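**Student:** Input: one structure, supplied below.
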Amino acid sequence: MNVNHHPTSASLEKVRKLVRIYTEKSGTTTHPDAQVTESIVLGLARNLDELGRPLCPCRFYPDRLEESKHRTWICACDDMQIYKYCHCLLFVNGEGKPITEHLPRDHEGRQTSGLVVDPTPDKGRPLRALAAQREEERRTRPS
């Protein structure tokens, strides 16, 4: 990825709309440090321009194009939609912490951030029923 590439205004607008709508749906907020949020939005928009999908910019992929063909790390990613956990810290609680309450105990997010309670458990997690499938995928697919 060419990190110097400035995304198109159309992609930026799409990503900002996605973020606005998803924070409302999930009961989360964007990171309180505007630079963190903007950096992630720019990365998502760049990936939208380059790959045609808003692939999570906060992960390393052996093959970004191949990874973009999977749903797993397309924002809002599977971890966000299943567990309400955002690796990027784009979707967080009011203190800027990632929500870890719904993660499996051995998940890296739980180990790193400890237990962070979901302030709006009645919102978000539309794919929660896929948690077992996601854990199998986490063990068998490298990304």
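**Student:** Given the -39500 (n - 2.57) contribution per DSSP H run of 4+ residues, what per-residue ellipticity at 222 nm results for the chain, rounded to the nearest 500 deg cm²/dmol?
**Tutor:** Rounded to the nearest 500, the figure is -13000 deg cm²/dmol.
**Student:** So which helices of the chain fit the span-like rule, where a helix is a whole DSSP H run, its Cα atoms reach 20 Å or more along the axis, and its mean Kyte-Doolittle is at least -1.0?
**Tutor:** Those that pass (Cα extent of 20 Å or more, hydropathy at least -1.0) are 9-26, 34-51.
**Student:** Distance check, please: which entries in K17/K84; K14/K84; K25/K69 exceed 23 angstrom between their Cα atoms?
**Tutor:** Long pairs (Cα-Cα over 23 Å): K25/K69.
**Student:** Among R20, R46, which comes first, second and so on when ranked by fewest other beta-carbon atoms within 10 Å?
**Tutor:** So the ranking, lowest neighbour count to highest, is R20, R46.
**Student:** Here's another thing I want to ask about it. Quote the Stokes-Einstein diffusion coefficient, in whole µm² s⁻¹, for the range 49-115, based on the Kirkwood radius over alpha carbon pairs, a temperature of 10 °C and a viscosity of 1.306 mPa s.
**Tutor:** The diffusion coefficient I find is 126 µm²/s.
**Student:** Another question, then. In which sequence would I21, I74, I99, I40 go, from the one with the fewest C-beta neighbours within 10 Å to the one with the most?
**Tutor:** I21, I74, I40, I99
**Student:** Where in the range 69-98 does the label zone of V117 land, with the point 7 angstrom along Cα→C-beta and an amide N cut-off under 18 Å?
**Tutor:** What the label zone holds, given the 18 Å backbone N cut-off, is 84-85, 92-98.
**Student:** Sticking with this structure for a sec: Which chymotrypsin sites (Phe, Trp or Tyr not before Pro) from the range 47-143 combine a DSSP loop assignment with at most 14 other Cβ atoms within 10 Å?
**Tutor:** F60
**Student:** Write out the trypsin sites (Lys or Arg not before Pro) in the range 81-143 meeting two conditions: DSSP loop, and at most 16 other Cβ atoms within 10 Å of their Cβ.
**Tutor:** Filter output for the range 81-143: R105, K123.
**Student:** How far apart, in nm, are the 7 Å Cα→Cβ label points at E101 and F60?
**Tutor:** 3.4 nm
**Student:** Mind sorting H87, H6 by how few other Cβ atoms lie within 10 Å of their own Cβ, fewest first?
**Tutor:** Final ranking by Cβ density, sparse to dense: H6, H87.
**Student:** Between the range 92-133 and the range 5-76, how many Å separate their Cα centres?
**Tutor:** 19 Å
**Student:** What is the range 9-140's relative contact order, in percent, from Cα pairs under 8 angstrom and six or more apart in sequence?
**Tutor:** The normalised contact order for the range 9-140 reaches 24 percent.
**Student:** Calculate, in whole percent, how much of the Cα-Cα pair population of the chain lies beyond 19 Å.
**Tutor:** 50 percent
A short reminder: the numbers here are calculations on the coordinates, not readings from a lab. Keep in mind that what you see is a predicted model, and the values were worked out from it rather than measured. Please note: Cβ atoms are built from the backbone with ideal geometry, for glycine as well, and neighbour counts cover all protein chains shown.
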